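The values are calculated or read from the model by the stated rules, or taken from the named source; none is laboratory data. Keep in mind the model is a prediction, meaning the values are calculated, not measured. Please note: Cβ atoms are built from the backbone with ideal geometry, for glycine as well, and neighbour counts cover all protein chains shown.
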Ligand SMILES: *C/C=C(C)/C=C/C=C(C)/C=C/C1=C(C)CCCC1(C)C
């Protein structure tokens, strides 16, 4: 790994400090909300809500780690002792991205066979996307391959995931009700808009040979905002789909949970 000279000015330091701090708050309290809220959906949708809560919990842990690491790499107490380790993000994604795909498929409560068929395509593609991105972002020297090439390679499974979610999953949506269909298209748009931020943020820091403060700040800001939307907001939309579907499936539930 290249030796990063840890130089951020006050403003740049504060931006990342606040982003990581906001990440902790969002992940932690969305987790608590979803864990408690799981009782407010029918049992068959609880798995989707539990998985969403697990995603935000895993991310909360990694935001604590990144916050610590950031202070050690750039803070007054640790200036330059260690290099900032982007590995925490990749370990986090390695765990949370497959789980995000599981929650998306789980909330639809499709037939078991259809669910596992979808996931057998989505999960390996997600692992590949993240595994190929890491050497680029961490500047690992593997056969002298440039970061941009890793980014490009990682984009192939990324596009495949979008294809499966938008084209193949679309076919399984026919039997869902109109309100659920509408929510699911919102969910997929949210996914597209937020997941699309990751490769753009990657590019911000891609061409830096040494340490580029502006590129670093742009990348960290992009990843942090995208994480909050792709995990917290996404989990809340999953929760609301689970509630709509619960009410559609069970009149008693609808009566006890919704006034009209
Ligand atoms: C909660 C974390 C999520 C949803 C992370 C998603 C990450 C990606 C969609 C990353 C994609 C990348 C590319 C498509 C190319 C460049 C390398 C990556 C890994 C940043």
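Which of the residues belonging to segment 197-211 are in a loop (DSSP other than H, G, I, E, B) and within 12 Å of the ligand (Cβ to nearest atom)?
Once the filter is applied, which keeps residues that are in a loop (DSSP other than H, G, I, E, B) and within 12 Å of the ligand (Cβ to nearest atom), segment 197-211 yields 205, 206.
What number of residues within segment 27-62 are touching a residue at least 60 places away in the same chain (Cβ under 8 Å) and surrounded by 20 or more Cβ atoms within 10 Å (Cβ to Cβ)?
Counting residues in segment 27-62 that are touching a residue at least 60 places away in the same chain (Cβ under 8 Å) and surrounded by 20 or more Cβ atoms within 10 Å (Cβ to Cβ) gives 12.
If you take the residues in segment 192-224 that are buried (at least 17 other Cβ atoms within 10 Å of the Cβ) and out of contact with any helix residue (DSSP H, G or I) (no Cβ under 7 Å at 6 or more places or on another chain), which one is nearest to residue 132 (Cα to Cα)?
216
Out of all the residues in segment 188-196, is one or more more than 12 Å from the ligand (Cβ to nearest atom) and at pLDDT below 95?
Scanning segment 188-196, I find at least one residue that is more than 12 Å from the ligand (Cβ to nearest atom) and at pLDDT below 95, so the answer is yes.
Tell me which residues, restricted to segment 140-168, are surrounded by 18 or more Cβ atoms within 10 Å (Cβ to Cβ) and either closer than 19 Å to residue 208 by Cβ or touching a residue at least 60 places away in the same chain (Cβ under 8 Å) (or both).
Residues satisfying the conditions are 147, 150, 151, 154, 161, 165.
Looking at segment 212-233, is at least one residue more than 9 Å from the ligand (Cβ to nearest atom) and outside any helix (DSSP H, G or I)?
So far as segment 212-233 goes, yes, one or more of its residues are more than 9 Å from the ligand (Cβ to nearest atom) and outside any helix (DSSP H, G or I).
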